[in-house]
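Participant: There's a structure below that I have some questions on.
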Amino acid sequence: MQRLLLALLATGTAASLAAACGDSFSPEGLAGTYSLQSINEEALPATLAELGSNKLEAMSGTLVLSDDGTYNLTTQLRTTNSDSTSTETASDHGDWESEGTEITLMDSDGGRIMGDVGGATVTLAIFQVPWQYQR
């Protein structure tokens, strides 16, 4: 996930986090597997960065919140340049906690990702860009 985050930072991409609304959940109610649906309201594949014929796209992703308070976050990326295309999987893991409709992911490197929970949707603010996951 660090590569993905660094790629996002390098692009200077920033937008407001879309506030998700919904019921309050206990951690046990949030545990499960969520699939990435959109980034900054763009359906997948979503362009994360583009410069000339070079493009970085998120193809798919998964957020797994476990009952024991740990998470795994994976994103399948496709990089295209003028003469080739490659794919890789970026991943991150750590602990998570929630209070009301807010969720915080704390990665193994000490970083934090904040987000909101509403219904079966988790919206994470990755460099202030909303990444929406749905159960």
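The values are calculated or read from the model by the stated rules, or taken from the named source; none is laboratory data. What you see is a predicted model; the values in this text were computed from it and never measured. Here Cβ is always computed from backbone atoms with ideal geometry, including for glycine, and neighbour counts include all displayed protein chains.
Participant: Any idea which of Ser16, Ser86 is surrounded by fewer than 18 Cβ atoms within 10 Å (Cβ to Cβ), at pLDDT 95 or above and not in a helix (DSSP H, G or I)?
Facilitator: Sole residue among the options that is surrounded by fewer than 18 Cβ atoms within 10 Å (Cβ to Cβ), at pLDDT 95 or above and not in a helix (DSSP H, G or I): Ser86.
Participant: Oh, and also: Residues of the stretch 89-116 being in contact with a helix residue (DSSP H, G or I) (Cβ under 6 Å, 6 or more places away or on another chain) and either of a type in the set (A, V, I, L, M, F, W, C) or in a loop (DSSP other than H, G, I, E, B) (or both), which ones?
Facilitator: Of everything in the stretch 89-116, just one residue is in contact with a helix residue (DSSP H, G or I) (Cβ under 6 Å, 6 or more places away or on another chain) and either of a type in the set (A, V, I, L, M, F, W, C) or in a loop (DSSP other than H, G, I, E, B) (or both), namely Ala90.
Participant: Determine if the stretch 125-132 includes at least one residue that is within 18 Å of Thr33 (Cβ to Cβ), of a type in the set (Phe, Trp, Tyr) and either in contact with a Phe, Trp or Tyr (Cβ under 8 Å, 6 or more places away or on another chain) or assigned to a loop (DSSP other than H, G, I, E, B) (or both). Even if it seems obvious, please write down each step before you answer.
Facilitator: Taking the stretch 125-132 as the starting set, the residues that turn out to be within 18 Å of Thr33 (Cβ to Cβ) are 131-132.
Then drop every residue that is not of a type in the set (Phe, Trp, Tyr), which leaves 131.
Filter once more, so that each one left must be either in contact with a Phe, Trp or Tyr (Cβ under 8 Å, 6 or more places away or on another chain) or assigned to a loop (DSSP other than H, G, I, E, B) (or both): none.
No.
Participant: Ok, one more. Ile103 fails exactly one of the following numbered conditions: (1) without any contact (Cβ under 8 Å) to a residue 60 or more places away in the chain; (2) surrounded by 19 or more Cβ atoms within 10 Å (Cβ to Cβ); (3) closer than 14 Å to Leu30 by Cα. What is the number of that condition?
Facilitator: Going through the list (1) without any contact (Cβ under 8 Å) to a residue 60 or more places away in the chain; (2) surrounded by 19 or more Cβ atoms within 10 Å (Cβ to Cβ); (3) closer than 14 Å to Leu30 by Cα, Ile103 breaks only (1).
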